[in-house]
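Encoded as structure tokens, the structure appears first; notes follow it.
The values are calculated or read from the model by the stated rules, or taken from the named source; none is laboratory data. Bear in mind that the values here come from a model prediction, so they are computed numbers and not experimental data. Note that each Cβ is placed from the backbone with ideal geometry, even for glycine, and that neighbours are counted across all protein chains shown. Quick note on the areas: whole protein, heavy atoms, side chains included, nothing else; ligands and nucleic acids left out. Shrake-Rupley method; radii C 1.70, N 1.55, O 1.52, S 1.80 Å.
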Amino acid sequence: MWSISDKGEREFTGGKEDWAAVAHIAENCPGFKPDDEDEMVADEAVSCYNCRYRRWTIKSFVCCK
Amino acid sequence: MKIYIGIDDTDSLEFGATGQSANELRRIIKDKGWGEPEPVTRHQLLLHPDIPYTSHNSSMCFTVEMKEDNLKEFIDCAAEFLKETSAPGSDPGLCVAVNERIKDIDELMSFGFKAKVEILNKEEAYKTAEDCGIHLSEHGGTGQGVIGALAGIGLRMTGNDGRFQGRTKLKDTGESMGIGDIIATTEIEEVQSIDGHVLTDDEILIIGDKIKTVLLDGKRKLLVYRENDGWHTCNNQHIKNY
Ligand code: SF4
């Protein structure tokens, strides 16, 4: 589910459209923090795609927590 | 005169949001009696490992009618505001363009489009700002935010990029509304399907959750999709590429 990038960052391997998987991860993640409303992309409120600590990459995102 | 204000990179991973900074600047303009700012648009720029964006690499822009007499004071005030309030570790940039004095609108819009697909540097941003005769300044950190601040204005000027900040309140989820009613009672100027069909006033829309609007053809538009013989408002997932 995660790969380690060249920079040592944890990148999600499911890309930008795996809505169910990232909702599941975030629901079980103590680090989840909702991002600013304008930066939310998932319809599930609790989702890595809506988390303050995800930073978008070309194909997916890295978790910076 | 109409001025465009673009800001970028005022937040960090932990603190702040560039959209909130833009809104604070709008509030200052109103409180000082300098003008009635238009809504903020958010413009997505290139996501690339070589771009050191602090959190999203998106830029914020809004416009306001302002008197010449207030312009210098506004720029000084905005610069001070960004310096004082931007998150530690952020790289804020400010761009202010007087519409009627932009020397090369094509170059400015082209810079905006390039920032969505290419890695640009500060020198290119300052050169474009100088060519176009517009204000560009940095207010902390690496000042990398000048690229997005300038690009945000270029993209807003195209009239075909970005989504509006915040949500639009229509009726409750699941309720219906006529298009004519939506246009008459909200800031939405047109309702259009994702593939470009503009709905007429007598058509009916089923309202969904979390309504966002986008900037297309110079208008604030609500995007919709067709399902089960009815029109539905697009959700976040539908408009994530705007
Ligand atoms: S992005 Fe990271 S911190 Fe945020 S919910 Fe996902 S795993 Fe947790």
>> Using a Förster radius of 22 Å, what is the FRET efficiency between B:Glu118 and A:Met1 based on their Cβ-Cβ separation? Nearest 0.05, please.
In response: 0.10
>> Can you tell me which of B:Lys210, B:Lys30, B:Lys72 moves the most in a GNM of chain B? Springs connect C-alpha atoms under 10 Å apart.
In response: B:Lys72
> Relative to the Cα centre, what is the charge dipole magnitude of the protein assembly as shown, using +1 at the beta carbon of each Lys and Arg, -1 at the beta carbon of each Asp and Glu, and rounding to the nearest 20 debye?
Replying inline: 480
>> Tell me the carbon and sulfur percent of the accessible area for the stretch B:167-233, rounded to whole percent, probe radius 1.4 Å.
In response: 45
> To the nearest 10 degrees, how steep is helix B:145-158 against the longest Cα principal axis of chain B, on a 0 to 90 scale?
Replying inline: 40
> What are the extents of the Cα atoms of the stretch B:186-242 along their three principal axes, listed from largest to smallest and rounded to whole Å?
Replying inline: 28, 25, 22
>> Taking 2.2 N^0.38 Å as the expected size of a compact globular protein, what ratio does the Cα radius of gyration of chain A give against it, to two decimals?
In response: 1.00
> Counting each DSSP H run of 4 or more residues in chain B as -39500 (n - 2.57), what helix-only mean residue ellipticity at 222 nm follows after dividing by all residues, to the nearest 500 deg cm²/dmol?
Replying inline: -10000 deg cm²/dmol
> Using θ = phi - 60° and the Karplus curve 6.51 cos²θ - 1.76 cosθ + 1.60, what whole-Hz ³J(HN,Hα) does each residue of the stretch B:91-108 get, with Gly and Pro shown as x?
Replying inline: 10, x, x, 10, 10, 10, 10, 8, 3, 6, 10, 5, 6, 9, 5, 4, 5, 5
> In 10 Å bins starting at 0, how do the alpha-carbon pair distances of the stretch B:2-163 split up by percent?
Replying inline: 12, 47, 35, 6, 0
> To the nearest 10 square angstrom, what accessible area does A:Phe32 show with a 1.4 Å probe?
Replying inline: 50
> Near B:Gly154, within a Cβ-to-Cβ distance under 14 Å, what is the net charge of the other residues, with Lys and Arg +1 and Asp and Glu -1?
Replying inline: -3
> On average, how much area does the Cα convex hull of the stretch B:108-242 cover when viewed from any direction, in nm²?
Replying inline: 9.8
>> I need the Kirkwood Rh of the stretch B:49-144: take the reciprocal of the average 1/r across all distinct C-alpha pairs and report it in angstrom.
In response: 14.6
> For the pair B and A, how large is the buried accessible area, both sides, in square angstrom to the nearest 100, if the probe is 1.4 Å?
Replying inline: 2300
> For the stretch B:180-242, what is the accessible area per residue in Å² when the probe is 1.4 Å?
Replying inline: 48
>> What is the percent carbon and sulfur in the accessible area of the stretch B:2-163, measuring with a 1.4 Å probe over the protein chains and ignoring ligands?
In response: 49
> What ratio of Cα Rg to 2.2 N^0.38 Å holds for the protein assembly as shown?
Replying inline: 1.01
